[in-house]
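J.: Here it is: the structure, laid out below.
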6 protein chains.
Amino acid sequence: MMSSVYVINPNSSEAVTAEIDAAVAPLRSSDGPQIICLSLAGGPPGIQSQRDVDGVIPPMLRKAEELEENAGAYVIACFSDPGLHALREQSRCRVFGIAECGVLTALTLGQRFGVIAILPTSVPRHLRYFGAMGVIDRFAADLPIGLGVTELSNEARTLSRMIEVGRALKADHGADVLVMGCAGMARFRASLEDAVGIPVVDPTQAAVTMAVGHVRLLQASVRHQS
Amino acid sequence: MMSSVYVINPNSSEAVTAEIDAAVAPLRSSDGPQIICLSLAGGPPGIQSQRDVDGVIPPMLRKAEELEENAGAYVIACFSDPGLHALREQSRCRVFGIAECGVLTALTLGQRFGVIAILPTSVPRHLRYFGAMGVIDRFAADLPIGLGVTELSNEARTLSRMIEVGRALKADHGADVLVMGCAGMARFRASLEDAVGIPVVDPTQAAVTMAVGHVRLLQASVRHQS
Amino acid sequence: MMSSVYVINPNSSEAVTAEIDAAVAPLRSSDGPQIICLSLAGGPPGIQSQRDVDGVIPPMLRKAEELEENAGAYVIACFSDPGLHALREQSRCRVFGIAECGVLTALTLGQRFGVIAILPTSVPRHLRYFGAMGVIDRFAADLPIGLGVTELSNEARTLSRMIEVGRALKADHGADVLVMGCAGMARFRASLEDAVGIPVVDPTQAAVTMAVGHVRLLQASVRHQS
Amino acid sequence: MMSSVYVINPNSSEAVTAEIDAAVAPLRSSDGPQIICLSLAGGPPGIQSQRDVDGVIPPMLRKAEELEENAGAYVIACFSDPGLHALREQSRCRVFGIAECGVLTALTLGQRFGVIAILPTSVPRHLRYFGAMGVIDRFAADLPIGLGVTELSNEARTLSRMIEVGRALKADHGADVLVMGCAGMARFRASLEDAVGIPVVDPTQAAVTMAVGHVRLLQASVRHQS
Amino acid sequence: MMSSVYVINPNSSEAVTAEIDAAVAPLRSSDGPQIICLSLAGGPPGIQSQRDVDGVIPPMLRKAEELEENAGAYVIACFSDPGLHALREQSRCRVFGIAECGVLTALTLGQRFGVIAILPTSVPRHLRYFGAMGVIDRFAADLPIGLGVTELSNEARTLSRMIEVGRALKADHGADVLVMGCAGMARFRASLEDAVGIPVVDPTQAAVTMAVGHVRLLQASVRHQS
Amino acid sequence: MMSSVYVINPNSSEAVTAEIDAAVAPLRSSDGPQIICLSLAGGPPGIQSQRDVDGVIPPMLRKAEELEENAGAYVIACFSDPGLHALREQSRCRVFGIAECGVLTALTLGQRFGVIAILPTSVPRHLRYFGAMGVIDRFAADLPIGLGVTELSNEARTLSRMIEVGRALKADHGADVLVMGCAGMARFRASLEDAVGIPVVDPTQAAVTMAVGHVRLLQASVRHQS
């Protein structure tokens, strides 16, 4: 049996996990790895601050430990990629972070990537991460939509702010590809792309794509050797 | 019916295309896009010089034009990514270059990537490309195995040179992940990885992984809208 | 007899070649190399797309081969520097690209260079090239005037758009030197410089300057050795 | 009364804390802030893995919360700067990380800094951090002494390995200043500097220097306003 | 007796030196190094042009030579850090430049630093310096207040222009920390910080902080060895 | 009459000036600008330290002031480009530094430039300058031949050390083009190029090439306007 791709939403919101599950559904195939999306029961309702990011790492590592036996790859489904390197250390499997994969995928679609963040306080954290990734020369800007949790539940308003920010990234900062700086927003991807007129990457889809490919190749290689 | 992923080997070597076909076989699934690998009849036997790289672009564009109707994505299977941007202009589909995808995938597996080139003359061309990609800060070194076409047919010697070069990239240049700087070498990947002790990326597998995921997501989105 | 500097306009427009010829006339001297400007009969009327850029390489290489005997240096007079590295491989002579030389010359005149492109679609191509050149830290912005071929024939309108774009590069992006991102525009250089108030580089003049110096030094060195 | 500088050693080793305390003693003055060094009782005996780094953040944040009332500044005394940004969010005080301050101080003493790490597994973590700091252009190399905890207790062997690595950083990688990539090693600083012949920075001293200055300036400004 | 920190204002303005003296007063302690601020009698009234910067180096080096016997460290109190490397060569002591230390300190307080210059002509000089420092990836922008010497004496107008420029650096260029690009302006620091809402660094305070720490550590190490 | 190109050797060595004069002779033409090479009587016998570099600026500026009337361009013929920006401020003419022009010209001849310095102490100064130029991504290494003034007079030994260093730059650091990091060494250029097998740039020839072209274009433009 093929190992599974575990997509860990490190917050406790089942609604976000359901969104993620829907977004990656097209990547499932009958003869491929299972793609299992789960929330972190012990996690915060949303991951907003650096404290939240750092705080979910220990419980996420414990959760991954439980999943290790059947795991073929992990995807950490939060745009701050919490615990990415700690889980890489802990597991024998490859681990994909959605920010890392989302940005790298964007680099195949445009010369300057823009990022749509939720909160202004996330922006410097993203910048540090893009610096660690060494991709600042390809970076246009990272702008927040600036909506709080309650406002985000207003779908029309959220999409409309995303479009505004996306247009600013294109017109004022020269972005020719966008990355949604958040998990669980894939339902807005196509509308945003249409409205702004440049490609938009849902980072969770980008990461799960890479994870699925990896597990398929790995299994084949194992079969071949045995 | 789902559109196909066309993997174009822009040289005329059917042997290389067969190798590529075998390498990407695990990425095929019954309910996913077809993955069709083909050689460029009008191409040179191998792509070694900048002249070769530039010269295959016009025939490759013509070939892609013929394939456009059923295409969901293209993969250009030569480590110089010839015609990547011209084909992106010409086609309504996404186009993936194996050098671009191979390097970006390597960035998820180590902090400094090393590249194993075939010929010394390819190295400055690769450096220009990594500069255009904006990833020089993550780059360890690019070293050639320095074997001519006839010598490459000696499999044991080729693998042994790859291992030597891979070890030098790790020990002397600090690489912690390697990219094979050539299409059609996937059969050496696992042995190389075992011998050097750091992950090794076959760039064609990396690109086809991303192409397959893209076509699956796109088709689902089209179905959803109709 | 001193070898010639061949300035190859890789499009077929004799008008552009005439403009180039006039622009480089002051670099001719009685005891220096001939400077011979020519169009590429087989080239497109203008080079606008990446397909155009890549497509002119094979005929340009053939043309250069015919010229090789009397060549001392080549200048490729298109701001995408098509075939620069392929011609460097093919010829025993040095080859100068106008984009490369224009940008490098600008680096001696200001700390942040801005580029005036013709079409918006050229901008990402330029960015990739500046990345390959490794000069992104000195780069202010690249903005298009956005005029089509017919509109370009309106000289007053073209200059006026160049001035607008030049002023935006200076005021909004911090450019303190400009490069004209096109061959055959030298007639606007002085007016543009006066209007914007920062130095403006005509890239063809920059490249021919370097080519002429090289041929003079080379010939002297040959004479000295014989 | 002047607020204190709290130097938090995020591991539980009292011996390391005592070393740190001795190293920063010269920065104490009768009329300046108290400098209080403490261990994290709940921390691991040493911080070696990424898991250790991430795992100490929650207890460290709780500890800092207890100290907040009298705090003027915090110093996080571990070369991975665990929780630096989370503590910056949480506290009204400035927070100094020893890796950040050690590297920045090194930039005033040489053009290319080398880092002496303890374990090879720390090197990619350091590289990511230097990337996030945006200082890769000034970075020579980061080499480990490769000694385990028991071997580190052999002082002569530790110093001798540090000197070897320091000499390699200078001779083979062009470093002209060194940073000790660890807290609690200041006792080796002067001998290492003498043996290698280039300046050596103890990162904890660098961070406490900046913290003390900050608290003095802040208090004066508060006095002035009241 | 502890060696002194000499803060050399390389212009001849006693008013500026008095301002500097007041700004660094909180860094003095009864048991620490003396901090002696002095003007350069032979210097220009203000340092505005590159010619001024270069021209003060020879007299500053002569002045430092006279001070060498009792010196523990030097601080060059002009934002162009004139003669920084020449004095490092000449003296056995460490030398701190206020631009270097101001910018490096800013890197501990925000992810993108903005600089408030006095004159527009200083901006390219600053940019060259930040390039030499290798910190361009952390740089937001450098904008001048554009006031001449007489206008600067109008305190309200100066502060008001600084606030305007600081706000533009934050809002339009993404700066989250500011550096005052001039010596002798510390009296505006707190008001500017309050008005703009992000940390503001007085570069002279930053440099003297590092110098004082260095002298304290050095003296302790000397005492220890003797 | 056409304005002159003044090549100022900022040291007092007439022998070096004579070497420079010979090196640029092929760039003279009957109908072009005069190229006048001169020593700085008040300069040091050689420019070795940062103090020397900074110290020659005031007398060099005075000298240039005397020459201004007939000047069309200046070339500063010392590889530290002393006073480059101060002279640009002072003069209405363009000013070319040999380090700047030498490195930029090298960028047209290879992907990674290596520099042959005379003394080890010059290396960090060069690195700062390449950083200010923003070309570190194209930089291979800068290695000194390490010969003192008396040893330099031994021509065979000097060339032999240059060849050793050039070979190390190519083999160990990946340089594919070299820049001679000194004025007055052009007589070794061809032999060095032959021995190492990659292009070698004499920086004074590079700078005078650009200066001559500039003056020719400028005069033509003036004639055209009048």
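The values are calculated or read from the model by the stated rules, or taken from the named source; none is laboratory data. Quick caveat: nothing in here was measured; it's all calculated off a predicted structure. Virtual Cβ from ideal backbone geometry, glycine too; neighbours counted across all protein chains shown. Ligands, DNA and RNA are excluded from the accessible area calculation, which covers all protein heavy atoms including side chains. Shrake-Rupley method; radii C 1.70, N 1.55, O 1.52, S 1.80 Å.
J.: Mark the label point 7 Å from the Cα of residue A:31 along Cα→Cβ and return the residues of the range B:7-26 whose backbone N is within less than 11 Å of it.
T.: Correct set: B:25-26.
J.: Using every pair of alpha-carbon atoms in the protein assembly as shown, split the distances into 20 Å bins beginning at 0 and state the percent of pairs per bin, rounded to integers.
T.: Percent of Cα pairs in each bin: 10, 39, 38, 12, 0.
J.: Here is a follow-up. With a 1.4 Å probe on protein heavy atoms only, tell me which residues of the range E:4-32 lose at least 20 Å² of accessible surface in the complex relative to the chain by itself.
T.: E:26, E:27, E:29, E:30, E:31
J.: With Cβ to Cβ distances under 11 Å as the rule, what net charge do the other residues near residue A:42 carry (K, R +1; D, E -1)?
T.: +2
J.: Could I ask something else about it? For the interface of chains D and E, what total accessible area is buried with a 1.4 Å probe, rounded to the nearest 100 Å²?
T.: Buried area between the two chains comes out at roughly 2700 Å².
J.: HN-Hα J couplings of the range A:211-219 from phi, Karplus 6.51/-1.76/1.60, θ = phi - 60°, integer Hz, Gly and Pro as x?
T.: Taking θ as phi minus 60°, the curve returns 5, 4, x, 4, 5, 4, 5, 5, 4 Hz for the range A:211-219.
J.: Using a probe of 1.4 angstrom, how much of the accessible area of the range C:48-128 is carbon and sulfur, in percent?
T.: Ligands and nucleic acids excluded, carbon and sulfur reach 47 percent.
J.: Which distances, shortest first and in nm, link residue A:167 to the matching position in the other copies, using label points set 7 Å out along Cα to C-beta?
T.: Taking the point 7 Å beyond Cα along Cα→Cβ, the inter-copy spacings are 2.5, 2.5, 6.1, 6.5, 6.6 nm.
J.: Given a Förster distance of 56 angstrom, what is the FRET efficiency for residue E:22 paired with residue D:14, based on the Cβ-Cβ distance and rounded to 0.05?
T.: After rounding to 0.05, the efficiency reads 0.85.
J.: Pairs A:170/C:170; D:170/F:170; C:170/F:63; E:63/F:63: which exceed 30 Å Cα-Cα?
T.: Flagged as over cut-off: C:170/F:63.
J.: A further question on this structure: Given a 1.4 Å probe, how much area per residue of the range E:100-203 is accessible, in Å²? Walk me through the intermediate numbers first.
T.: Details: 3270 Å² over 104 residues.
Result: 31 Å² of accessible area for each residue.
J.: Using a 1.4 angstrom probe with every protein chain in place, what is the largest-first accessible-area order of F:160, F:221? Don't jump to the answer; show the numbers that get you there.
T.: Details: F:160 55, F:221 35 Å².
Result of the area sort, largest leading: F:160, F:221.
J.: Further, regarding this structure: In degrees from 0 to 90, rounded to the nearest 10, what is the angle of the helix D:57-67 Cα long axis to the longest principal axis of chain D?
T.: 40 degrees
J.: Shifting gears a bit: Averaging sequence separations of C-alpha pairs under 8 Å and six or more residues apart, then dividing by the length of chain C, give the relative contact order as a whole percent.
T.: In percent, rounded to a whole number, it is 25.
J.: Enter the Cα centre distance for the pair the range E:72-147 and the range C:58-115, rounded to the nearest angstrom.
T.: 38 Å
J.: If each of residue B:164 and residue E:164 carries a label point 7 Å out from its Cα toward its Cβ, how far apart are those two points in nm?
T.: So the two model labels end up 6.8 nm from each other.
J.: What residue in chain D has the Cβ closest to the axis turning D into A, and how close is it in whole Å?
T.: Of all Cβ atoms in chain D, the one nearest the axis gives D:132, 2.
J.: Kindly express, to the nearest 10 degrees and within the range 0 to 90, the angle between helix E:122-133's C-alpha long axis and the longest C-alpha principal axis of chain E.
T.: 60 degrees
J.: List the residues whose amide H sits under 5 Å from the amide H of residue C:75, counting only those 5 or more places along or on another chain, with H placed 1.01 Å from N in the peptide plane.
T.: Here C:6, C:7, C:8, C:96 satisfy the definition.
J.: Evaluate the Kirkwood expression for the hydrodynamic radius of the range D:118-197, namely the inverse of the mean inverse distance over all pairs of different C-alpha atoms, and round to one decimal in Å. Working shown, then result.
T.: Numbers: mean 1/r = 0.0756 Å⁻¹.
In the range D:118-197 this quantity evaluates to 13.2 Å.
J.: Taking θ = phi - 60°, what integer Hz values does the Karplus form 6.51 cos²θ - 1.76 cosθ + 1.60 yield along the range A:177-192, in sequence order, with x for Gly and Pro?
T.: These are the phi-based 3J(HN,Hα) values: 7, 10, 10, 6, x, 6, 7, x, 10, 4, 5, 8, 4, 5, 5, 5 Hz.
J.: Okay, next question. Compute, for residue B:170, the solvent-accessible surface of its heavy atoms (probe 1.4 Å) with the complete set of protein chains present, and express it in square angstrom to the nearest 10.
T.: Roll a 1.4 Å probe over it and residue B:170 shows about 90 Å².
J.: Take every Cα pair under 8 Å in the range D:30-157 that's 6+ residues apart, average their separations, divide by the length, and report that relative contact order as a whole percent.
T.: Contact order relative to length: 19 percent.
J.: List every residue whose amide H lies under 5 Å from the amide H of residue F:200, counting only residues 5 or more places away in sequence or on a different chain, with H placed 1.01 Å from N in the peptide plane.
T.: For residue F:200, whose amide H was placed from the backbone, the distant partners under 5 Å are F:178.
J.: Counting only residues 5 or more places away or on other chains, whose amide H sits under 5 Å from the amide H of residue C:115 once H atoms are built in the peptide plane?
T.: Correct list: C:141, C:142, C:143, C:179.
J.: Let me ask you something else. Taking a 1.4 Å probe, which of F:143, A:40 shows the most accessible area, and what order do the others take after it?
T.: Ranking F:143, A:40 by accessible area, largest first, yields F:143, A:40.
J.: With an 8 Å Cα cut-off and a minimum separation of 6 or more residues, compute the relative contact order for the range C:100-203 in percent.
T.: Numbers: 171 pairs, mean separation 38.3, N = 104.
It comes to 37 percent, rounded to a whole number.
J.: Just for the Cα atoms in chain F, what are the lengths along the principal axes, largest first, rounded to whole Å?
T.: Principal extents (Cα only, largest first): 55, 34, 31 Å.
J.: Using protein chains only (no ligands, no nucleic acids) and a 1.4 Å probe, work out which residues of the range E:91-108 have their accessible area cut by at least 50 Å² relative to the chain alone.
T.: In the range E:91-108, residues shielded by partner chains: E:94, E:104, E:108.
J.: So how tilted is helix B:155-173 from the main axis of chain B? Cα-based, degrees 0 to 90, rounded to 10.
T.: Taking Cα atoms only, the helix is inclined about 70 degrees.
J.: When the helices in chain B are scored as -39500 (n - 2.57) per DSSP H run of 4 or longer and the sum is shared across all residues, what 222 nm value do you end up with, to the nearest 500 deg cm²/dmol?
T.: -14500 deg cm²/dmol
J.: Using θ = phi - 60° and the Karplus relation 6.51 cos²θ - 1.76 cosθ + 1.60, list the HN-Hα couplings for the range D:73-80 in order, rounded to whole Hz, with x at every Gly or Pro.
T.: 6, 10, 10, 9, 9, 8, 5, 9
J.: I've got another one for you. Ordered shortest first, which distances in nm separate the 7 Å Cα→C-beta label point of residue E:222 from those of the other copies?
T.: 3.4, 5.9, 6.6, 6.6, 7.9
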